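*Asks:* Right, I'll just put the structure down here and ask away after.
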Amino acid sequence: MAMTYSGALSKLIEQKQEHVLAFWDELDEAQRVGLLAQVEALDFADVARMRKALAKQVGAASPPLGEFGPAPVLTLAEAGDPAVRELGVDALRSGKVGALLVAGGQGSRLGYEGPKGCYEIGPITHASLFEIHARKILALEQKFNTEVPFYIMTSEANDAPTKAFFEEHAHFGLAPERVTFFVQGMWPGLTPEGNLLLDRPDHIFVSPDGHGGILSALRIRGVLQDMADRGLSTLFYFQVDNPLVEIADPAFLGQHLANDAEISVKVCAKRDAAEGLGVVVARDGHSEVIEYSDLTDAQKEERTADGQLRLLYGSVAIHIFTFGFLKREADQNLPLHVAFKKVPYCDASGALVKPDAPNAYKFEKFIFDVLPDAERATNVEFAREEEFSPVKNAEGNDSPATTRRDMVAKCARWFEECGIAVPRDADGTPTVAIEIDPCYALNAEDLKGKLPANFKIAGDVLLK
Ligand code: UTP
């Protein structure tokens, strides 16, 4: 039975949060139903963990990290064994591989209205991030004559527009029955005193529970069951904002399988000590990602005898999970990450206040926190320019401009690998735009097999 007003009131009174119902008398029926549903969904065990995390955060400086060293990494030179790649190809051909995309974030830095995956990034076609990802999956299905189920995590805020976008574009050619959307959890924010906030008279402020929220969402939304029903054993995990990602790359899959890993992590060398990537480390025989902000300057800058950074390799959230590991982790309570943010809230009269300074805490779970739970983890190096150029900011680093530039540069290198000259300026930047649909070619080798004889680049090139 749905929650009643008195049920909600007693649940809230027990937690001294009855202010949530302050505007009850002014709400219409639909608003009341919505608010009661929110109160019903509130898990005060989670809120208790949030308050604890808050007390720790406010109480003292972070505890010392203890003993750890750089994690073992398969370098680019070591990771390209063709026989190992074949293992990945076999896994794809046998239909045991699925793709898992996290797209529930709010994209606040980019400042784009709508799901970030709808952002048009194609340098010539303006293809969206979703289109590029979906076409890569379709290309894998065609190339390996297989099925690669595609799971997309959304949030309450962007689920409907994301689904509508896929519908509108006929799922970009993918079979709709192999595209599954599921919604992640939402968590309330807390004031410094540990109280809930209203952002409307009829609404408790909530925000997505982080990409780590995928674990519980997979279970709660029945996705684990769907994966089991489809016989999937290996899940490739990636983020929506990186169109360079090599989805279910057979060489990476092969390393995961050859090493019998429960989780595999693609890592790249940090540009310099100050780059804000989380680094992969080993502690007590387990892998771990330590966030940039948790390292001291000395740890960030420490160098080995040959002058390299000791903690050189960073994670960019490209992973492979075994299905069994995901299932095991689905019930774990991941640690909470806390951020002090500007959260709009209702004042005593019900009017919305937009604070100028941070006023409330948001809580998130991060996917990399599952790493220490894995019995075996493999870290595999990749070349950054080939696979990582995310759209995070509206301008500057990691913005649409840098991502498009890197997309064109990658295609230009493919052409050159095929022996075709690419016009470049004095700095080496291609002077033409190039875009290749993933279903035309997924790599230079595919391109070589497709290009007409005597192909020359005279202006912008679009291959599809
Ligand atoms: P980011 O941490 O870069 O966040 O997400 P964001 O929401 O895209 O952007 P900002 O920080 O608000 O500017 C990395 C990936 O994790 C997903 C995002 O959609 C993106 O693919 N994510 C993040 C979720 O799926 N859920 C979340 O709660 C947070």
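*Asks:* Could you work out how far helix 129-143 tilts from the main Cα principal axis of the chain, as a 0 to 90 degree angle to the nearest 10?
*Replies:* Orientation of helix 129-143: about 50 degrees from the principal axis.
*Asks:* Considering only the other residues whose Cβ falls under 14 Å of the Cβ of Arg200, what net charge follows from Lys and Arg at +1 and Asp and Glu at -1?
*Replies:* Numbers: positive: Arg32, Lys354; negative: Glu26, Asp28, Asp199, Asp202, Asp347.
Cβ neighbours under 14 Å give a net charge of -3.
*Asks:* Classify the chain: rounded, prolate or oblate, from the alpha-carbon gyration tensor (a ≥ b ≥ c, eigenvalue square roots; a/c under 1.5 rounded; otherwise prolate if a/b is larger than b/c)?
*Replies:* Working: a/c = 1.76, a/b = 1.53, b/c = 1.15.
It is prolate, given that a/c is not under 1.5 and a/b is the larger ratio.
*Asks:* Using 0.36 nm per residue, how much length does the chain from Ala305 to Gln332 gain when fully extended, once their Cα-Cα distance is taken away?
*Replies:* Working: separation 27, 0.36 × 27 = 9.72 nm, distance 3.98 nm.
Gain on stretching Ala305 to Gln332: 5.7 nm.
*Asks:* Rank by packing, highest mean first: peptides 169-178, 405-414, 428-437, with packing defined as the count of other Cβ atoms within 10 Å averaged across residues.
*Replies:* Per-residue mean Cβ counts within 10 Å order the peptides as 405-414, 428-437, 169-178.
*Asks:* Calculated from DSSP H runs of 4 or more alone, at -39500 (n - 2.57) each and per residue, what is the 222 nm mean residue ellipticity of the chain, nearest 500?
*Replies:* Working: 15 runs with 144 residues, N = 464.
It comes out at -9000 deg cm²/dmol, rounded to the nearest 500.
*Asks:* I would also like to ask the following. Gap in Å between the Cα centre of the range 154-217 and the Cα centre of the range 438-462?
*Replies:* For the range 438-462 versus the range 154-217, the Cα centre distance is 38 Å.
*Asks:* While we're on this one: Using the Cβ atoms and a cut-off under 11 Å, what net charge is assigned to the surroundings of Gln255, where Lys and Arg are +1 and Asp and Glu are -1?
*Replies:* Details: positive: Arg85, Lys266; negative: Glu78, Asp81, Asp249, Asp260, Glu381.
Taking every Cβ under 11 Å from that of Gln255, the sum is -3.
*Asks:* Continuing with this model, one more query. Ranked highest first by average number of other Cβ atoms within 10 Å, how do 418-425, 31-38 line up? The partial results should precede the final answer.
*Replies:* Working: 418-425: 13.0, 31-38: 16.6.
Ranked from most to least packed, the peptides come out as 31-38, 418-425.
*Asks:* While we're on this one: In the range 226-287, which trypsin sites (Lys or Arg not before Pro) are in a loop and have at most 13 other Cβ atoms within 10 Å, using DSSP for the loop call? Intermediate values should be presented prior to the final figure.
*Replies:* Working: sites: Arg230, Lys266, Lys270, Arg271, Arg283; in loops: Arg230, Lys270, Arg271.
Sites meeting the loop and neighbour criteria: Arg271.
*Asks:* Next up: Rank by packing, highest mean first: peptides 118-131, 69-82, with packing defined as the count of other Cβ atoms within 10 Å averaged across residues. Can you show the working numbers first?
*Replies:* Working: 118-131: 19.7, 69-82: 14.7.
Packing order, densest peptide first, comes out as 118-131, 69-82.
*Asks:* Another question about this same structure. Excluding residues fewer than 8 places away in the same chain, name every one of the aspartates and glutamates whose C-alpha is closer than 12 Å to that of Lys392.
*Replies:* Output for Lys392: Asp241.
*Asks:* Defining a contact as two alpha carbons under 8 Å apart and six or more residues distant in sequence, what relative contact order in percent does the range 331-464 show?
*Replies:* Numbers: 146 pairs, mean separation 19.7, N = 134.
Across the range 331-464, relative contact order equals 15 percent.
*Asks:* Same structure, new question: Can you give the FRET efficiency to the nearest 0.05 for Asp427 and Lys464, using r as the Cβ-Cβ distance and R₀ = 30 Å? Display every interim value, and only then the final one.
*Replies:* Details: r = 28 Å, r/R0 = 0.95.
Given R0 = 30 Å and the Cβ-Cβ separation, E is 0.60.
*Asks:* In nm, what is the difference between 0.36 nm times the number of residues separating Thr146 and Glu86 and their Cα-Cα distance?
*Replies:* Details: separation 60, 0.36 × 60 = 21.60 nm, distance 1.50 nm.
Full extension of this stretch gives 20.1 nm more.
*Asks:* Quick one: length gained pulling Thr191 to Ala30 fully straight, 0.36 nm per residue minus the C-alpha distance? Please report the intermediate quantities before stating the final value.
*Replies:* Numbers: separation 161, 0.36 × 161 = 57.96 nm, distance 2.70 nm.
Extra length available between Thr191 and Ala30 comes to 55.3 nm.
*Asks:* If you restrict to DSSP beta bridges whose two residues both lie in the chain, what percentage is antiparallel, to the nearest 5? All intermediate terms of the calculation are to be shown ahead of the outcome.
*Replies:* Numbers: 35 of 59 bridges.
So the antiparallel bridges in the chain amount to around 60 percent.
*Asks:* Classify the range 376-431 as rounded, prolate or oblate from the Cα gyration tensor: take a ≥ b ≥ c as the square roots of its eigenvalues, call it rounded if a/c is under 1.5, otherwise prolate when a/b beats b/c and oblate if not. The partial results should precede the final answer.
*Replies:* Working: a/c = 3.16, a/b = 1.24, b/c = 2.54.
Judged from the Cα gyration tensor, the range 376-431 comes out oblate (a/c at least 1.5, b/c at or above a/b).
*Asks:* Using only the Cα atoms of the range 342-464, build the gyration tensor, take square roots of its eigenvalues as a ≥ b ≥ c, and label the shape rounded, prolate or oblate: rounded if a/c is under 1.5, else prolate if a/b is larger than b/c, else oblate. Don't jump to the answer; show the numbers that get you there.
*Replies:* Working: a/c = 3.34, a/b = 1.88, b/c = 1.77.
It is prolate, given that a/c is not under 1.5 and a/b is the larger ratio.
FYI, it's all coordinate maths here, none of it is from the lab. Keep in mind that what you see is a predicted model, and the values were worked out from it rather than measured. As a convention, Cβ positions derive from the backbone with ideal geometry for all residues, glycine included, and neighbour counts pool all protein chains shown.
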